[in-house]
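Everything below concerns the one structure shown next.
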Amino acid sequence: MKKTLILLFIVFLLIQPVHAQFEHAQRADIKAVAVTSGENPTGVVINISVIVTPGDGKVFVSTTPYTEIDMQGSAQLAALTACDLLGMDFTKYDFFYIIEAEAPIVGGPSAGGVMTVATVAALKGLKIRDDVYMTGMIYPDGFIGPVGGLKYKLEAAASHGGKIFLIPEGQRITYVEETKVRRVGIISIVTPEYKKIDLVEYGKSLGVDVYEVRTLNDALKFFTGYEVKKPQGEFSIKAYSNILKKLAEKMKESVEPLRKAVKSGKAEELIEKAEERYSEGKYYTATSLYFQSKIILRYELYKKNIVTAQQFDNEVESIKNEIDSLKGYLGNEQIGVNSLQVIAAAQERIAEAENLLEKAKTANTDDEALQYLAYAKERVESAKVWLSILSELKNDYEISPQEIEKRAEFYITQAGSILVYASSLNGEQTLLNDAYESLETAKRLLSDGLYAGAAVMAINSITDASLSIEVKYGEVNDKVESAKEAANSAISEAEQVVFPVLPAAYYEFAESMENKYAKLMYYKLSERLAKLLTNMAKSGGERELKHVEFNPYTYYTPKKKSRIEQVIETPGFEVVYGIVAISTIAALSRRKVKRGTEKEGGNK
């Protein structure tokens with residue numbers, strides 16, 4: 001009898017409705033469009049439910065039936081992006097995504113924008129219109145990215161009562177592949193032809209109004225009548241001038257012994273540029289240039305003095321001993337909200353020095369070995385320079401190692417998920433490689449108990465992986481100013497609780513960069529590091545929502561030539577031509593030996 005009662009109780013639990021299984025749950029339901037997999041693609045409507053509960057940053061995904069692209073990564077990115085845009089701490093919630101389709105679909109990226117809209121709606125209790133449909137991938141900065149299958153998706157939306165269809169900006173004009181068959185004798189020759197379609201005009205013929213949207217905020221207005229209110233506030237880099245100036249002076253001071261020992265015309269050019277930036281008040285940029293000159297001078301010194309294998313081994317051992325000594329110090333140092341960023345910067349540089357030292361030991365040529373060795377040595381020295389400003393950070397209070405460890409583990413998990421997602425989309429390979437290397441370094445730092453550095457290296461990985469998608473598929477020019485504003489707001493918000501000198505330094509460095517991709521990278525790093533500090537201080541305020549008087553029928557979609565007309569309309573996510581050259585992207589790498597010696601740029 002007792003066993004029977006237990007069995008009945010279990011059955012009762014299993015038949016409860018999904019929403020009843022969650023405590024304090026907030027839910028949003030939204031319809032999305034997708035394309036079926038197979039030889040004869042058609043558009044289908046899929047149902048997506050997002051359930052948010054109090055938790056610790058986990059994301060769960062259920063798909064019926066399967067999808068062909070990693071939906072877990074798309075869901076992780078949707079949850080993280082929604083929280084970032086709302087100023088909410090991702091680690092305080094768990095997210096459940098239930099995706100149901102009528103047939104196997106090409107999934108993942110094209111539903112990212114819709115999933116993010118639904119996540120925002122669930123978090124803020126917003127009602128979603130059921131006659132609005134959308135397709136578009138989501139970037140971590142809230143921009144909507146290009147997708148394929150637009151004609152099929154529009155048709156699916158129209159057949160299910162859709163009145164408004166949102167598409168990524170620049171994709172109004174698309175092309176559909178059609179096959180033409182002609183007989184030559186007894187054989188049939190099949191050739192593809194591409195039919196040009198204006199989606200706005202095609203939508204009118206189906207009774208659907210088609211609009212291009214650029215950001216998640218644009219889409220939110222259509223779906224909910226609300227938008228996320230941008231935080232107000234300006235930060236001034238001058239507030240950080242004194243401490244950044246000391247950093248530059250300390251780095252300059254360490255250049256002099258090397259200049260006395262060896263000469264290099266290229267190093268002198270960098271030092272001259274550093275002096276110019278210093279006189280302009282761009283102290284972190286000057287610090288970077290001094291650092292680059294030191295790598296060159298150290299390399300010249302090694303070429304002069306290291307001529308035997310024993311001498312090389314002795315120097316490797318000496319650098320390793322310095323690394324071990326610093327790791328011991330950094331592992332025992334008490335960390336506060338302000339000192340966290342300086343400790344993290346030092347731990348990050350020590351970890352990179354270890355990586356470079358290993359590359360020096362396994363190099364293919366003597367010259368390459370000495371270059372890596374010089375870089376490793378100067379990475380150790382740059383860690384010492386950062387530690388020299390610890391005493392400048394006042395009004396600190398201690399953070400428990402467990403809290404920092406938890407945050408580091410969270411960022412490592414996110415980095416891994418976004419890397420899988422970016423790899424499935426064939427993101428730019430150089431940036432993906434850097435992201436993987438940063439992630440492995442973050443894991444090593446975590447296992448060594450250097451949690452602050454682990455968190456920062458994981459953020460580096462997230463930034464590189466995200467940028468690998470945006471560089472390959474997005475319009476970078478439009479994003480630089482937006483990234484600058486986001487970094488400015490994040491630093492301004494962080495200033496309420498901490499003294500965010502590291503984010504401010506990266507912001508100044510982005511300002512000095514001429515390469516637009518490097519500018520974008522450092523603005524994004526600046527923003528994410530500022531958010532890390534704010535969250536560690538447990539003071540990140542949620543964004544307000546504001547109701548907007550929004551009439552979608554006055555929302556103008558210009559009839560202009562698409563910037564990405566080269567997208568060929570076939571099922572799933574298609575390649576956008578005009579990919580940036582690898583040589584340009586390589587300039588972004590913060591971890592290449594020759595990086596800073598060829599042009600102004602580099603991360604100190």
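The values are calculated or read from the model by the stated rules, or taken from the named source; none is laboratory data. Here the structure is a predicted model, which is why all the values come from computation and not from measurement. For neighbour counting, all protein chains shown are included, and Cβ atoms are generated from backbone atoms with ideal geometry for every residue, glycine included.
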Filtered residue count, the range 259-295, keeping only those that are under 21 Å from residue 386 (Cβ atoms) and part of a helix (DSSP H, G or I): 18
Restricting attention to the range 239-258, does a residue exist that is in a strand (DSSP E or B), more than 26 Å from the chain's Cα centre (by Cα) and at pLDDT 95 or above? no
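Kindly indicate the residue of the range 1-37 that is small (Gly, Ala, Ser) and surrounded by 12 or more Cβ atoms within 10 Å (Cβ to Cβ) and also modelled with the highest pLDDT among those meeting that condition. First the steps, then the outcome.
Our first condition is that a residue be small (Gly, Ala, Ser); within the range 1-37, this holds for 20, 25, 28, 32, 34, 37.
Narrowing further to those that are surrounded by 12 or more Cβ atoms within 10 Å (Cβ to Cβ): 25, 28, 32, 34, 37.
On the way: 25: 90, 28: 97, 32: 91, 34: 86, 37: 67.
Going through the qualifying residues, I end up with 28.
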Unmet requirement for residue 406, which otherwise passes all of (1) under 23 Å from residue 59 (Cα atoms); (2) in contact with a helix residue (DSSP H, G or I) (Cβ under 7 Å, 6 or more places away or on another chain): (2)
Counting only residues that are in contact (Cβ under 8 Å) with a residue 60 or more places away in the chain and β-branched (Val, Ile, Thr), which one in the range 402-454 is nearest to residue 331 (Cα to Cα)? 404
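Just wondering, is there one or more residues in the range 131-153 that are under 23 Å from residue 465 (Cα atoms), in a helix (DSSP H, G or I) and either within 21 Å of the chain's Cα centre (by Cα) or in contact (Cβ under 8 Å) with a residue 40 or more places away in the chain (or both)? If you could, list the steps in order and put the result at the bottom.
Quick first cut of the range 131-153, residues under 23 Å from residue 465 (Cα atoms) only: 135-148.
If we keep only those that are in a helix (DSSP H, G or I) too, we end up with none.
Taking every residue of the range 131-153 in turn, none turns out to be under 23 Å from residue 465 (Cα atoms), in a helix (DSSP H, G or I) and either within 21 Å of the chain's Cα centre (by Cα) or in contact (Cβ under 8 Å) with a residue 40 or more places away in the chain (or both).
Residues checked against (1) buried (at least 20 other Cβ atoms within 10 Å of the Cβ); (2) over 30 Å from residue 338 (Cα atoms):
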position: 255; (1), (2): no, no
position: 261; (1), (2): no, yes
position: 274; (1), (2): yes, no
position: 289; (1), (2): yes, no
position: 301; (1), (2): no, yes
All positions within the range 330-376 that are without any contact (Cβ under 8 Å) to a residue 24 or more places away in the chain and either under 24 Å from the mean Cα position of the chain (by Cα) or not in a helix (DSSP H, G or I) (or both): 333, 362, 363, 364, 365
Which ones in the range 304-341 are surrounded by 13 or more Cβ atoms within 10 Å (Cβ to Cβ), more than 23 Å from residue 500 (Cα to Cα) and among the β-branched types (Val, Ile, Thr)? 306, 316, 319, 323
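Sort through 378, 398 and tell me the only one that's acidic (Asp, Glu), touching a strand residue (DSSP E or B) at 6+ places or on another chain (Cβ under 7 Å) and farther than 30 Å from residue 75 by Cα. Let's see the steps before the verdict.
Values: 378 fails: touching a strand residue (DSSP E or B) at 6+ places or on another chain (Cβ under 7 Å).
Result of the check over 378, 398: 398.
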In the range 296-329, the residues that are assigned to a helix (DSSP H, G or I), within 26 Å of residue 370 (Cβ to Cβ) and without any contact (Cβ under 8 Å) to a residue 12 or more places away in the chain: 305, 309, 310, 311, 313, 314, 317, 318, 321, 324, 325
